[in-house]
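One structure is given here, and the rest of the page talks about it.
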Amino acid sequence: MNFKKLPDLIGEFLRHTVIQNILSRPYSANKFSYKGGLMKLKIFISFLFLYIVFPAADIPAQSSEGYTLIWNADHGYHMFDVCFSPDGKKILAIEGTVSANSVKLFDALSGQLIWSKNAAAEFGRFSPDMSKVYIGGASTLALNISDGSQIWINNQPADCLDLNNQGTHIVVGKETDRVNGKVVMIRTSDGSKVWEGTTKGPVNSIKFSYDGSKVISGGGDLSDREAILWSSINGTKIWTHLSGPIIYTVNFSPDGNSIIVGTDWQVITMLNAASGSVGWTHTLIERFLDSGFTPDSKKVFLSSNNSYIRVFDVTTGALQWDKVINGSNSHNVIRSSPDGTRLATGSSDKYLNVFDMADGTTLFRGLHNSQVNRLNYSYDGTRIVTGTFYGGKVSVWQKDGTVHVNEFPSTLPDTYQLFQNYPNPFNPATVISYQIPSYAFVRLRVYDILGNEVAALVDKEQHAGFYSVTFNAKNLTSGIYFYRLEAGSFSEAKKLILVK
């Protein structure tokens, strides 16, 4: 049973019966309608009975548009990193507890834990062929994706880490003695060191260029603050950009022509990647925590500790739009969707935020148990994985109206099955999953209690496999609905409950 929402339900009942009846009439007619009130009371009691009896999960806070929470899981105290595998079927999470850190691999659709390994880690990446995961923290190591067993270890610690798109090298940045740092290039084939270079001050951020030929690092201490462009091949310093404030974030544009530098206080700078010359700079009133470019390299975006996110034109530096989320002290992480149409942030007010990249319109806000400090998109852009700080929760959100094939476990189903939707009751969206054992024309529809069709979710041919689809009922009223799956000769219906 789930009694957490009872006060809200009772409040809704009172608001829609007694108070509404009184306030909607002149003073002389301010009397509660006995028959109308009795009918509403019966409806309320019936609804309350269904709410208690039927399996229920906490209804996630959602806006009227956007994404549905597929699953979440409590693991540890902090989530240091979360990311999807290239095929979107697995999630790598780096968790921290009071006593130790660990690496966990999940099935992305079901949330099932595949394996867990203790490791003093803070960063994680999948190899492009998905045979390994690379971990950085107290040391740098490669693990077998099938069981988490260690393939190699390099004792080089990492304060920041990046993997090139080709999957051949890892670059790590590290503070050495509080006033100096170093950058180390590591082969992914065996964990051997390729080269090592020194920096003035700790390294806070490091990124490969998209073609893997160069590396940009940024950092500094109280006296020395610099961004350095390195050759990936031999570690040669191509140029150095001296900064006033300490550098917290650096990033390459996808076309390789520009580099953004965000600092501890006030200053952001766009650099020409070839020469290191300054294209433009802005002085603002916040510390910049994370940054990135749109896939077309035309816009750059930054998150800050002052409730702001800002989007600029890469060439001119003109502000395209900015956004303040009231109640948020910071946007800890910021990511573009793969197609460049959406911008997602994780904020300290415990929300996943999704904005329209074109104008900053808020499209979705999803509430979490604690501040959201890590997030990443799936490679097809239909899902977002988030990780929270001081709460240690991994959550996966699926864009409404998308259908996903789940191939975990790897064997195909041998029977038709329609699963109970989750969450249930829900508001306003829920996920419906099913499996089919062979190629068939599939129909999945939702009906109201009178048998009227209210939504057609699937109406096409599908191969054998496991599927899930999001049903968004934002335009429907509270009540009982039914969903029916028809595939080949199979037909089954189940009940779902919408609570608003």
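A few comments on the model shown:
- Relative contact order, whole percent, for segment 116-234 stands at 16, derived from Cα pairs under 8 Å and 6 or more residues apart.
- Counting every other Cβ atom within 10 Å of each residue's Cβ, VAL311, VAL324, VAL458 order from fewest to most as VAL324, VAL458, VAL311.
- Amide H partners (placed H, <5 Å) of SER330, local residues excluded: SER307, SER348, ASP349
- Whichever aspartates and glutamates have a C-alpha closer than 15 Å to that of LYS399, once near sequence neighbours (fewer than 8 apart) are set aside: GLU65, ASP339, ASP356, ASP380
- Residues with amide H under 5 Å from that of GLY219, placed H, sequence gap 5 or more: ASN204, GLU226, ILE247
- Protection-proxy order for peptides 114-123, 197-206, each taking the mean of Cβ atoms within 10 Å per residue, highest first: 197-206, 114-123
- In sequence order, calculated HN-Hα J values of segment 419-435 (Karplus, 6.51, -1.76, 1.60; Hz; x Gly/Pro): 9, 5, 5, 9, x, 8, x, 9, 6, x, 10, 8, 10, 10, 10, 7, 9
- The ellipsoid equivalent to the alpha-carbon distribution of segment 451-500 has semi-axes of 23, 12, 10 angstrom, derived from the gyration tensor eigenvalues as √(5λ) and listed largest first.
- Legend: calculated FRET efficiency, THR361 to LYS193, from the Cβ-Cβ distance at R0 = 60 Å, rounded to 0.05, equals 0.80.
- The HN-Hα couplings worked out from phi for segment 195-212 by the Karplus form 6.51 cos²θ - 1.76 cosθ + 1.60 (θ = phi - 60°) are 7, 9, x, 9, 10, 8, x, x, 9, 9, 8, 8, 8, 7, 5, 5, 8, x Hz, whole numbers, x standing for Gly and Pro.
- Sequentially through segment 288-295, phi angles give Karplus couplings (6.51, -1.76, 1.60; θ = phi - 60°) of 9, 9, 7, 7, x, 10, 6, x Hz, Gly and Pro residues having no value and appearing as x.
- Proximal charge balance of VAL431 [Cβ under 14 Å; K/R count +1, D/E count -1]: +2
- Considering only alpha-carbon pairs that sit under 8 angstrom and 6 or more positions apart, the relative contact order computed for segment 71-139 is 25 percent.
- If R0 is 41 Å, the Cβ-Cβ spacing of ASN165 and ASP459 corresponds to a FRET efficiency of close to 0.60.
- In a reduced charge model with +1 at each Lys and Arg Cβ and -1 at each Asp and Glu Cβ, segment 184-255 shows a dipole moment near 60 debye about its Cα centre.
- Straight-distance crosslink candidates among aspartates and glutamates, where the alpha carbon sits under 12 Å from LYS200 and sequence neighbours closer than 8 are dropped: GLU175, ASP177, ASP221, ASP224, GLU226
- Which of MET185, ALA142, SER131, positive extreme of dipole for segment 131-195 (C-beta unit charges): MET185
- Highest to lowest packing among 208-219, 486-497, scored as the average C-beta count within 10 Å: 208-219, 486-497
- Our summary gives segment 213-315 a relative contact order of 18 percent, counting only alpha carbon pairs under 8 angstrom and 6 or more residues apart.
- Shape analysis of segment 306-384 places it in the oblate category; the axes a ≥ b ≥ c from the Cα gyration tensor give an a/c of at least 1.5, with a/b not above b/c.
- Taking amide H positions as modeled 1.01 Å from N, with prolines and chain starts lacking one, the residues under 5 Å from ARG383 and 5 or more places away or on another chain are SER378, LYS399.
- A Förster distance of 41 Å, applied to the separation of the beta-carbon atoms of TRP115 and ASP177, puts the FRET efficiency at 0.65.
- Fully extending the segment from TYR390 to ASN329 would add 20.4 nm, taking 0.36 nm per residue of separation and subtracting the current Cα-Cα distance.
- Sorting LEU284, LEU319 by the number of Cβ atoms found within 10 Å of their own Cβ, with the fewest placed first, yields LEU319, LEU284.
- Distance violations [Cα-Cα > 21 Å] among LYS90/LYS207; LYS174/LYS214; LYS207/LYS298; LYS89/LYS298; LYS90/LYS132: LYS90/LYS207; LYS89/LYS298
Throughout, read-outs are computed from the coordinates displayed, never taken from laboratory work. Just so it is clear, the model here is predicted, and its values are computed rather than measured. All Cβ positions, even for glycine, are placed from backbone atoms using ideal geometry, and neighbour counts span all protein chains on display.
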